[in-house]
Amino acid sequence: MSILPILKMGHPSLLRISRSVDLSQEFDDVSTLVQNMTETFNSLGERVGLAAPQIGAFVRVLIIRIPKNNSITRYDALVDEDIPLTALINPSFSPLSEEKENGWEACISVPNMMGMVPRYKHISFSYETLEGQKIESHASGFHARVIQHEYDHLDGILYPQRIEDFRLFGFEEEIVRYVKSNSPDFIKE
Ligand code: NI
């Protein structure tokens, strides 16, 4: 396994549309990719997701992990279920209603920054496991936010493109100090 460098905003490859993978043809490569993503993810500290394009692999693969009711200050959006480390291969999602909610987001490809982003509150989503199983599920709130944030990476979209009020975009250090204390929702991906 390898810890790989993270592409940062401004790198034109982060704008690419990633391709689907065919596990029946590419299992070994995808398996290695998931291992490298996992090792890289685990090296990044307290994060909740990573998309393959962030390490320069332009395929539709994500990993997420969201601890339940965690005590990490920067992740203080509480989720009522523990989402273990999960690889989502060829994911898709659709909103279950038009309802959106605002929440803070950050991204390892946009270091030291945070912004307020509207996301669908309730989604259904599906993906393949590395073993080729098709999973269909649904998510709400912070869990749904993480999936939407990561999914955007596969379409070349970084969260600043989703910000509607740029007064709520800035350095994490300042936002945590002055703003976030009044806001319960926060993602640091
Ligand atoms: Ni991100």
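Quick rundown of the values:
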{"item": "Potential lengthening between Asp165 and Glu98 on full extension [0.36 nm per residue; Cα-Cα distance subtracted]", "result": "22.2 nm"}
{"item": "Ascending count of other beta-carbon atoms within 10 Å, so fewest first, for Glu98, Glu150, Glu173", "result": "Glu98, Glu173, Glu150"}
{"item": "Ranking of Met116, Met9 by count of other Cβ atoms within 10 Å, fewest first", "result": "Met9, Met116"}
{"item": "The range 84-116 residues near the modelled Tyr178 label - backbone nitrogen below 18 Å, point 7 Å along Cα→Cβ", "result": "104-105, 112-116"}
{"item": "C-alpha long axis of helix 23-42 to longest principal axis of the chain, angle in °", "result": "40"}
{"item": "Bins of 10 Å from zero: percent of alpha-carbon pairs in the chain", "result": "9, 38, 39, 12, 1, 0"}
{"item": "Helical mean residue ellipticity (222 nm; -39500 (n - 2.57) per DSSP H run of 4+; nearest 500) of the chain", "result": "-7000 deg cm²/dmol"}
{"item": "Isotropically averaged projected area of the range 94-177, using the convex hull of Cα atoms (one quarter of hull area), nm²", "result": "6.2"}
{"item": "Stretchable slack from Lys134 to Leu4, in nm (0.36 nm times residue separation minus alpha-carbon distance)", "result": "44.0 nm"}
{"item": "Convex hull (Cα only) mean projected area of the range 1-70, reported in nm² to one decimal", "result": "5.4"}
{"item": "Ranked packing of 121-127, 25-31, most packed first, by mean Cβ within 10 Å", "result": "121-127, 25-31"}
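Here, each number is a calculation from the coordinates, and none is a lab measurement. Quick caveat, the model's predicted, so the values are computed rather than measured. Here the Cβ is made from the backbone with ideal geometry for all residues, glycine too, and neighbour counts use every protein chain on show.
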